[in-house]
Amino acid sequence: MTDNQIKLLEELKTMIIHDKTAYPMLAFGYVIKKNNSTYDELSLREEYEVMKAFGEWGLS
């Protein structure tokens with residue numbers, strides 16, 4: 001994963017860990033809005049890779 005992907009993934013994890021009421025699907029919107037410039041640099045494939053890694057983390 002690229003540095004930008006890792007940054008977004010870690011923010012997603014942190015949001016879910018620290019806010020037990022956060023919904024995983026809504027976390028994406030919040031993190032993207034907060035890190036718009038980082039998100040804009042991702043390709044479509046890289047976006048899916050972040051989603052996949054987040055889902056795998058959430059299911060572990």
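The radius of gyration of the Cα set in the chain, together with its Dmax, comes out at 10.7, 30 angstrom. Between amide H atoms placed 1.01 Å from N, distances below 5 Å from ASN35 occur with no residue 5 or more places distant or on a separate chain. Between the Cα long axis of helix 24-34 and the first principal axis of the chain there is an angle of about 50°, rounded to the nearest 10.
Net charge dipole, the chain: roughly 220 debye, given to the nearest 20, about the Cα centre with Cβ charges of +1 for Lys and Arg and -1 for Asp and Glu. With the charge dipole of the range 13-60 set up from +1 on Lys and Arg Cβ and -1 on Asp and Glu Cβ about the Cα centre, the Cα lying farthest toward the positive end among the listed residues ALA53, THR38, PRO24 is that of PRO24.
Atom-type composition of the exposed protein surface of the chain places 58 percent of the accessible area on carbon and sulfur (1.4 angstrom probe). Protein heavy-atom accessible surface, 1.4 Å probe, per residue over the chain: 73 Å².
Which trypsin sites (Lys or Arg not before Pro) in the range 1-48 sit in a loop by DSSP (not H, G, I, E or B) and have at most 13 other Cβ atoms within 10 Å of their own Cβ? Filter output for the range 1-48: LYS20.
Taking the helices alone, the chain has a mean residue ellipticity at 222 nm of -25000 deg cm²/dmol, built from -39,500 (n - 2.57) per DSSP H run of at least 4 residues and averaged over all its residues. Scalar couplings 3J(HN,Hα) for the range 4-15, obtained by applying the Karplus form with A = 6.51, B = -1.76, C = 1.60 to θ = phi - 60°, are 5, 5, 5, 4, 5, 4, 5, 5, 4, 4, 4, 4 Hz; x denotes Gly and Pro. Residue-wise HN-Hα couplings along the range 46-60, as the Karplus relation 6.51 cos²θ - 1.76 cosθ + 1.60 with θ = phi - 60° gives them from phi, are 5, 4, 4, 5, 5, 4, 4, 5, 5, x, 5, 4, x, 8, 7 Hz; Gly and Pro carry x.
The values are calculated or read from the model by the stated rules, or taken from the named source; none is laboratory data. The shown structure was predicted, so the numbers you read here are calculated from the model rather than taken from an experiment. We place every Cβ from the backbone using ideal geometry, glycine too, and count neighbours over all the protein chains shown. Keep in mind that these areas ignore ligands, DNA and RNA; they rest on the heavy atoms of the full protein, side chains included. Shrake-Rupley method; radii C 1.70, N 1.55, O 1.52, S 1.80 Å.
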